[in-house]
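J.: Pasting a structure here, questions to come.
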Amino acid sequence: IMGMCELNLAEDISDTVRENSENIRVSGKNLLNIVNDLLDFSKIESGKMQLATTEYRLSDILSDAMNMASARKGKKKIEFAVDCDPDIPDYLRGDPSRIRQIMINLLTNAIKYTNEGGILLTVRSRKESYGINLIISVKDSGIGIRKEDIRRIYDAYDRFDIEKTNSVEGTGLGLPITKQLVELMGGIISVKSIYGEGTEFKATIPQKVSDNKPIAHF
Ligand code: ATP
Ligand code: MG
């Protein structure tokens, strides 16, 4: 459906047809995201989620995530900053698409639930016998999560603070999927939040290193 829309958009068409096709394309993409989340969730539930092990560049994932975050932020008047330790090894071994998914889920939430201030993505690493622990933190100055809601944050389909989040699209599957992926990789995820002030999610994920070349070399 999205491909056919793109073919139409490449044609010489009227403004109305262009706007309609653009709407179909965006709706198709949103629907695809929901279907993919449902499939991921169901795969995890039935114990059939398989992780890949391939060599990848952390810098590729970071630039993808940064592009996505800037696009998702759109015209929203919030800052988006990235602080990445330049010494992290760039060439790692693991499942790059799932690492990207974890980073993007946390960033998307931060953007969706922040209306003032901004978001800070911090990436660090700690040397371990098997490689590194990759530490991804996403901190926002958004609406925050109430203390009584925090313990249900990883439950499927749960969404909180409905008065504020009603107008924000979401299914309530992002965090449960993120937590399960982190844990399948042998990692842990934690959250700190102050209601009305902001939230920080931190994922610590063991990854193998395939080359010690640092992510930024000057
Ligand atoms: P989606 O399935 O599209 O991710 P979602 O964002 O609603 O939908 P989750 O990512 O699982 O679902 O998050 C669950 C709920 O936790 C959200 O609906 C929101 O109420 C709350 N939440 C998650 N991240 C944040 C955040 N950074 N700040 C405030 N509330 C948050
Ligand atoms: Mg989400």
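Just so it is clear, none of the values below were taken in a lab; they were calculated from the coordinates. It should be emphasised that the depicted structure is a prediction, and the values quoted were computed from it without experimental measurement. Backbone-built Cβ (ideal geometry, glycine too); neighbour counts: all protein chains shown.
J.: On a straight-distance basis, which aspartates and glutamates could pair with LYS147 in a cross-link, Cα separation under 18 angstrom, same-chain partners fewer than 8 positions away excluded?
T.: By straight Cα distance, LYS147 reaches ASP155, ASP158, ASP161, GLU163, GLU197, GLU200.
J.: Listed highest first by mean packing, meaning other Cβ atoms within 10 Å per residue, what order do 134-143, 31-40, 54-63, 175-184 come in?
T.: Ranking the peptides 134-143, 31-40, 54-63, 175-184 by packing returns 134-143, 175-184, 54-63, 31-40.
J.: Then there is this: I want the local charge near ARG57. Using Cβ-Cβ distances under 14 Å, sum +1 for each Lys or Arg and -1 for each Asp or Glu among the other residues.
T.: -2
J.: Follow-up question, since we're still on this one. May I ask for the Rg/Rh ratio of the chain, computed from Cα atoms with Rh as the Kirkwood radius, given to two decimals?
T.: 0.99
J.: Further question: Can you tally the net charge around ILE215? Count Lys and Arg as +1, Asp and Glu as -1, for every other residue whose Cβ sits under 13 Å from the Cβ of ILE215.
T.: -3
J.: Now a separate question. Taking only Cα atoms, what is the 0 to 90° angle, nearest 10, from helix 96-112's long axis to the longest principal axis of the chain?
T.: 60
J.: Under 8 Å for C-alpha pairs, at least 6 residues apart: give me the relative contact order for the stretch 1-125, rounded to a whole percent.
T.: Worked out over the stretch 1-125, it gives 27 percent.
J.: If you average the C-alpha positions of the stretch 107-135 and of the stretch 1-75 separately, how far apart do those two centres end up, in angstrom?
T.: 22
J.: Points 7 angstrom from Cα along the Cβ direction at ARG146 and SER167: gap in nanometres?
T.: Between ARG146 and SER167, the label points sit 2.0 nm apart.
J.: Using 0.36 nm per residue of separation minus the Cα-Cα distance, give me the extension gain between LYS213 and ASP12 in nm, one decimal.
T.: Result for the pair: 67.5 nm of gain on full extension.
J.: Please arrange THR199, THR204 by how many other C-beta atoms lie within 10 Å of their C-beta, fewest to most.
T.: The most exposed by this proxy come first: THR204, THR199.
J.: Could you work out how far apart the two model spin labels at LEU32 and ARG159 are, taking each label as a point 7 Å from the Cα in the direction of the beta carbon, and quote it in nm?
T.: Here the modelled spin labels are 2.2 nm apart.
J.: In which sequence would MET4, MET185 go, from the one with the fewest C-beta neighbours within 10 Å to the one with the most?
T.: Going from sparsest to densest Cβ surroundings: MET4, MET185.
J.: Same structure again: Quick one: what does P(r) look like for the stretch 1-69 with 10 Å bins over all Cα pairs, in whole %?
T.: 17, 25, 34, 18, 6
J.: Given that compact globular proteins tend to follow 2.2 N^0.38 Å, what is the ratio of the alpha-carbon Rg of the stretch 74-159 to that value?
T.: 1.26
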